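Below: the structure, in structure tokens.
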Amino acid sequence: MKAVRMYTNRALGSALIFGLAMTTGTSLAMVDPGGSVERIDLPRMGHLFAAGYQQRMSRSPLWDEFLASHGEGWRASWDARTGVPRWIMGPGIQFAPNDEESVERIARGFIADHADLLRVANSDLRLAHARRAAGRWFLTFDRYYDGVPVGGARVDFRFMQDGRLTLIGADPHPDVDLDVNPRLDASAAAAIALSSVGGTSDPESEARLLIVPIADGRGVGYTLTWEVVALTSSPLGRWIHLIDAETGEIVARKNEIRYADLSGTIGGTILPVTPSDEPVPRDFAYEDISIDGEPDIQSDAQGSWSAEVSSGDHDVESGLHGLWVRVQNQAGDNAALAEVVPADTPTDLIWDDANSLIAERNVYYHTGLVHDYMKAIDGEFTSLDYDMPARVEADGACNAYWNGFAMTFFRAGGQCPSIAKIADVVYHEYGHGVTQWASGGQATGAMHEGFSDYLAVTIMNDSRVGRGFFGEGTHLRDCVNNRVYPANECGGETHCVGEAHCGALWDARTNLIGALGEQEGTVLSDSLWHYARYGHANDDLDYYIDYLLMDDDDGDLTNGTVHGELLFPALAAHGFVETIRNSKSVIYDADTPDLVADPGDEISCVVGYALPAGAMAATGLSASLRSLTPKLLVTKQSADLPDVDPGGEGDNSADPFLLSVDAGVTEVEDVQVVVELTANPNFFSRTDTLTFRIGRSNLLLVDDDPAEEFASYYETPLEGLGNFPNRWTRRDTGWLSIYPFNGFDTVIWFCGNAAVETLDEAERALLASYLDGGGNLFLSGQNIGEEIGSEDFFGKYLKSEFVNANSHLPLAEGVPGDELSNDWLLFFTGEGGANNWISPDVVRAVGGARDALFYSTTADGAGVVYEGDYKLVYLPFNFEGVSGQNGSTSRKSVLNDVLQFFGVPVGVRAIEIEAIAAPEGNLIRWRLVGAEADLAGVNVDRIDSGTVRRLNEKLIVGRSEYVDQGAHLDGIYRYRIVTVDAETGEESGSREIVLRRGQTPGIPASAYLRQNAPNPFNPSTVISFGLAESGPVTLAIYDLTGRRIAGLIDEELAVGTHSVAWDGRTDAGLVVPSGVYLYRLRSEGFTASRRMLLIK
């Protein structure tokens, strides 16, 4: 059998095409059972919303005509393959719909007026769905071609409570063009389907024609198919087949029974949370009761029942069935209760182990509970108002499923309990039924799973799903997670994407509760989740447009929603909405344009923000800035930014922030500022922590790539060598003048992937002036020789002759015996490098320079070194591509050699020191970072009243501690750790620490940071630390990526012990998920960090 892949995406507007055909009968399950019958997984494609195309279409005549008719303020997202606006949203067009007939008439009038824009005619559309919910109208038309439905083709309308049309969705597949007369008849197609799975026909369905969109790299094509249903018993299946009506090939096939691996806490008549809970009594509501064989009566909501009878005794019987559920035991007789009850004598009818299974009682109670919960959300939802079959103790293990009409729960086995004992599995399976009917059968499998998980966790008020599934203390999934749509890390698997859905919905619920309180927040969260499904979205992303629309108060999503600042971060964190992002953060010297934040300088700060092409515009942008260190004082803290259109960006260069660098800064260091952005819609508001470098280095890093970010491939090894360069970036900072070169001994300049203007005329003049002044230049970049090899600059200053463009293997070797490159072996592919070996040049040394590198096994020059009135290392390839793989030379090793060639100190610096008052004396410990191979050793000094005394007689080598055995008296001691360079014998760095020895109450002997308590914690914990000296202190929380999420302390503190609580929230007040977090303390002469674990 030839399997043809069928693609689905937002442009196609289709869930896995099968969802279009079925509005009932969908089976959704907890776990996929596998089996021998082939399953075809249909991949998904993303939007084709190119920024340039969006901008062109926003200026098209058809769109201008639309705006002329309906006013400004409307925005559209255009499908680049069809030229149709996928969504149109704006302030609204006033209508007055009052019933289904009038709202359809209005929608068809709009389609007729804009047929050219939407590329569809009314004659090809059939009303599929019209519903009024929460005062809003939801309309969907399905598109037909020559009387045959087109899978996923549709047009949607949303009307607000006041009758305004505010949202139009169009995905009509206007380019269908094929013969709808099948060569293969229905009976032949059915035979093919039945044979493929060894199944039987479904008596409740008939074969029908369906046009299926099929996408490949060339675009979207269309195939006429027969949709045929086949039933199998092993594995249990309801197989939807799409059979090519021309060739008889199976285009796609899918089992409508979806298995899911749910587990959770159990509650109900017997077990309230998990299978291991202590049983508790619960009333059974709306249960059928028979008296003397007469037709049933029902108990009420409190389980009470009554009937008029004659005097004497009466036979009272009941089974576990009622208005909303009918429990069926698949492993034996159904539960049955029979009592003889005397008249006028109140009698309790008790279900216990003598007349029923605990699994039967559990399912009865929890099905009634979830039914009532949904009624509280939407009293007009009646699709599940029937005695739903609930089958317990079914063959199999560790599973449950929904088949479109009934629920089935497997018996105990495979290390799992009887699944009916788990309350939230009951809620989950019931949730599939709610989604099936509320979404009109259009929801994707991932939406089904995520929505069912949400229903379970919101009822339980606990983020864990399926507690107790594999035993006490276990659970299947947690809606507090970091899963991001489309979950590429797990191949977009249905349950995996479902985790992203539940994560987004749960995080939104958490934010709402934090702002509105538990009751109001939960009610609003549940309502948004449920009513958004009436939009019948058949795409994971489209659902959240309806979700946000339900929160809107004016029908215009372009200006935000009522609670957008709480909802949008949750949806964006899981990849379901596109949001604004920080795209630029640059500081400029406001006094002298040298791009360096020198001590005492007044500097300006520019930040920029960008929007993806598919997002809505951001307007009314303003920002405020605050510093996290006293070394950087903010003198102008607010700024305005221009509006940002989809696919565009903007910054505050016209209104920059102003700051002042403390004149006492003595070293190059990184400092942080916090920028808070406010914008419309309000959910674009965000907070970013940005890092800037202050102080002057002896080294300047020039990033001359016009588009790509490669600076980290240089900064990381340089910092590892104890050198922290100042940086200029072509993309952010603009043209480079002579000023930045003043005072820099060494310039490291790379051109990255630049193919043109690698070194333009102005830059060549700049470099010539710098080199004439005797500077040191390390230059790297492909295409430089190819572009300017004929210029005088190339020979005069780069001391090179361009030979040709190299096409050899990505390997270069140093020259044996060369002072610089003797042992270099450079490899340009594999992890560790930028993998941008594209078009390196071949060069030859001239003008007194020497060839120091050759491409492997050739005489083709790959590097030039010059020592004269200036020093030069020129590499005609992308140095960031050096990977260090397979035993080759690393970038750090090369830069270490180059810096030493230039005479730049390469040292080690102590970054953490600890001092302890031990019985034998004061114990000093340290930890070093940097090029330790170049370290000769460490000295320890004690400073008494300004007098420095060297304690060790010989350099300390191979150890990281020292005991000052002469220090026994109480008092204050100051120590300094000094590193010594191996080659020069000179001091290369130092750090100091103070120790207070003696029993001074409340004052620690030295600074310390304790482990937080409790740990693990939920929801809050306390961090304690001690200071031996007064001074500025910062204490901040970081995630494992190094992103700062919360600042707890940034102020001057006195000596002594201190503690501060953290409530598990970010600076913006958002609750962080479970996980490992770092907390870092910085004070004068002391830095320490520890880990803590948040578990929910």
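What the table shows:
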{"read-out": "Output for segment 630-665, where each listed residue is assigned to a loop (DSSP other than H, G, I, E, B) and of a type in the set (Ser, Thr, Tyr)", "value": "653"}
{"read-out": "Subset of segment 1051-1083 (residues that are crowded, with 16+ Cβ neighbours inside 10 Å, touching a Ser or Thr at 6+ places or on another chain (Cβ under 9 Å) and among the charged types (D, E, K, R))", "value": "1067, 1082"}
{"read-out": "Wholly enclosed strands (runs of 3 or more DSSP E) of segment 103-200 bearing at least 2 residues among the aromatic types (Phe, Trp, Tyr)", "value": "136-145, 148-159"}
{"read-out": "Condition check for residue 354: more than 28 Å from residue 237 (Cβ to Cβ) and either polar (S, T, N, Q) or part of a strand (DSSP E or B) (or both)", "value": "no"}
{"read-out": "Extreme residue, farthest from residue 1063 (Cα to Cα), among residues of segment 496-531 that are surrounded by fewer than 19 Cβ atoms within 10 Å (Cβ to Cβ) and among the acidic types (Asp, Glu)", "value": "520"}
{"read-out": "Pair list, Cβ under 6 Å, 6 or more apart: segment 133-145 residue in contact (Cβ under 8 Å) with a residue 60 or more places away in the chain, other residue of a type outside the set (A, V, I, L, M, F, W, C) and not in a strand (DSSP E or B)", "value": "133/531; 133/534; 134/531; 138/534; 138/535; 140/536"}
{"read-out": "Meets criteria (in a loop (DSSP other than H, G, I, E, B), among the charged types (D, E, K, R) and either touching a residue at least 24 places away in the same chain (Cβ under 8 Å) or touching a strand residue (DSSP E or B) at 6+ places or on another chain (Cβ under 7 Å) (or both)) for residue 676", "value": "no"}
{"read-out": "Pairs where the first residue, in segment 69-86, is not assigned by TED's automatic domain parsing to the domain that holds residue 555 and the second is of a type in the set (D, E, K, R) and part of a strand (DSSP E or B), C-beta under 6 Å, 6+ apart", "value": "77/86; 79/86"}
{"read-out": "Candidate set from segment 122-142 (those that are aliphatic (A, V, I, L, M) and out of contact with any helix residue (DSSP H, G or I) (no Cβ under 6 Å at 6 or more places or on another chain)); member that is surrounded by the fewest Cβ atoms within 10 Å (Cβ to Cβ)", "value": "128"}
{"read-out": "Single residue of 367, 382, 435, 408 found to be part of a loop (DSSP other than H, G, I, E, B) and at negative phi", "value": "382"}
{"read-out": "One residue from 590, 515 being over 22 Å from the mean Cα position of the chain (by Cα), of a type in the set (A, V, I, L, M), within 26 Å of residue 675 (Cβ to Cβ) and at pLDDT 90 or above", "value": "515"}
{"read-out": "Hits in segment 1016-1030 - residues which are under 18 Å from residue 914 (Cα atoms) and either modelled with pLDDT under 85 or surrounded by 14 or more Cβ atoms within 10 Å (Cβ to Cβ) (or both)", "value": "1024, 1025, 1026, 1027, 1028, 1029"}
{"read-out": "Among the residues listed as 785, 833, the single one being within 18 Å of residue 898 (Cβ to Cβ), crowded, with 19+ Cβ neighbours inside 10 Å, touching a Ser or Thr at 6+ places or on another chain (Cβ under 9 Å) and not hydroxyl-bearing (Ser, Thr, Tyr)", "value": "833"}
{"read-out": "Cβ pairs under 9 Å, 6+ apart, first in segment 758-781 and in the same structural domain as residue 840 (by TED's automatic domain parsing) and surrounded by fewer than 23 Cβ atoms within 10 Å (Cβ to Cβ), second polar (S, T, N, Q) and part of a strand (DSSP E or B)", "value": "775/746; 777/746"}
{"read-out": "Long-range neighbours under 9 Å by Cβ, at least six apart or interchain, first residue in contact (Cβ under 8 Å) with a residue 12 or more places away in the chain within segment 952-964, second outside any strand (DSSP E or B)", "value": "962/951; 962/952; 963/920; 964/951"}
{"read-out": "Any hit, segment 897-919, residues being closer than 30 Å to residue 701 by Cα, modelled with pLDDT of 80 or more and loosely packed, with under 14 Cβ neighbours inside 10 Å", "value": "yes"}
{"read-out": "Criterion (part of a strand (DSSP E or B), over 30 Å from residue 395 (Cβ atoms) and not polar (S, T, N, Q)) met by exactly one of 327, 340", "value": "340"}
{"read-out": "Test: residue in segment 549-568 that is farther than 22 Å from residue 92 by Cβ and surrounded by fewer than 23 Cβ atoms within 10 Å (Cβ to Cβ)", "value": "yes"}
{"read-out": "Test for residue 565: is it under 21 Å from the mean Cα position of the chain (by Cα) and in contact (Cβ under 8 Å) with a residue 60 or more places away in the chain", "value": "yes"}
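The values are calculated or read from the model by the stated rules, or taken from the named source; none is laboratory data. Since this is a predicted model, take the numbers as computed values, not measurements. Here Cβ is always computed from backbone atoms with ideal geometry, including for glycine, and neighbour counts include all displayed protein chains.
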